[in-house]
Amino acid sequence: MSEQAADPNTWFDGRSRAMFVHAHPDDETICTGGTLAALAEAGLEPLLVTLTRGEQGEVTPGPLQALAGTHGLAVVRQNELKTALGMLGVERHTFLGVEPARAEGLPPTIYEDSGMAWGSDGRATAAPEASRDALTSAPAVEALNDLLAAAYLAGAQAIVSYDDGGGYGHPDHRFAHRLSRAVAQALELPFWEIVPDADETGESYDVSPWFERKVAALRAHGTQLTVDGEEIVHVGGQREPIRRVERFRRLS
């Protein structure tokens, strides 16, 4: 895998206005926070579309845990995301289902977190039940037209999202991949998927100059994770290093 110097003007084949599609608040920072910060600082106007508000997410132990399963969790996670994007310097953000990520003529809607369960293989799988308002329960063509509107109105020149396995398998991540690829194909835009650390194909971007911004943005997502040194500690106690190199692969 070739590693590119810290010059974001050369990333994504030099295309400005990349549209990043993420499933829940915090995904944008964990997977692509350094890249977003770099592009924003370079004046390349990245756009972030968040598909849900993470309503079904678990909550870190402590005083915030009472929010689990309540309407208040969505509100708090929206505020956390706003703070995180401020740390990253990202100004262009929208939730799917509201302008400018809503098909013309339709009233605003909320796509809810579909939830998940852990499979025997250690990967996420679909939850036993998803609400009728869940992202994966919604008519796919409606969500597709919403994301298509967002990309078109933003003048997107590239689209970035998860791989076909959704990273660790969350159904909303897998849905985001299918949706994003379809929009990229419809608008004849190149599509980059986020590559797991273990994969040695594609391209990698050194985000070390923006590492502190990424860490600050991660700290903003207090309902979902904690930061311990240079590691993320997830709700279940799983640890992962905070990436100084973020990896992508162009598929089209």
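The values are calculated or read from the model by the stated rules, or taken from the named source; none is laboratory data. Predicted model only: the values in this text are computed from it and were never measured. Here Cβ is always computed from backbone atoms with ideal geometry, including for glycine, and neighbour counts include all displayed protein chains. These accessible areas exclude ligands, DNA and RNA; they are computed on the full protein's heavy atoms, side chains included. Shrake-Rupley method; radii C 1.70, N 1.55, O 1.52, S 1.80 Å.
Annotations for the structure displayed:
- V245 long-range amide H proximity, modeled H, under 5 Å: V207
- Beta bridges per DSSP with both ends in the chain, % antiparallel, nearest 5: 50
- Ranked packing of 66-77, 205-216, 22-33, most packed first, by mean Cβ within 10 Å: 22-33, 205-216, 66-77
- Per residue, in Å², the accessible surface of the chain once ligands and nucleic acids are set aside, probe 1.4 Å: 44
- R0 of 35 Å, Cβ-Cβ distance A6-T83: FRET efficiency to nearest 0.05: 0.90
- Rough spin-label spacing in nm, given labels placed 7 Å along Cα→Cβ, for L187 and R219: 3.5
- Inter-label distance for V141 and E41, nm, one decimal - labels placed 7 Å from Cα along Cα-to-Cβ: 4.5
- Between amide H atoms placed 1.01 Å from N, distances below 5 Å from A42 occur with no residue 5 or more places distant or on a separate chain.
- Here the calculated FRET efficiency for D164 and E129, from their Cβ-Cβ distance with R0 = 25 Å, stands at 0.55, rounded to the nearest 0.05.
- Shown are E246, E91, whose ranking by accessible area with a 1.4 Å probe and every protein chain present, most to least, is E91, E246.
- Near H93, the amide H atoms lying under 5 Å from its own belong to L48; only residues 5 or more places off or on other chains count, and H is placed 1.01 Å from N.
- Set of the stretch 184-215 residues, backbone N closer than 12 Å to the point 7 Å along the Cα-Cβ line of R244: 206-212
- The stretch 144-194 - convex hull of the alpha-carbon atoms, volume per residue in Å³: 60
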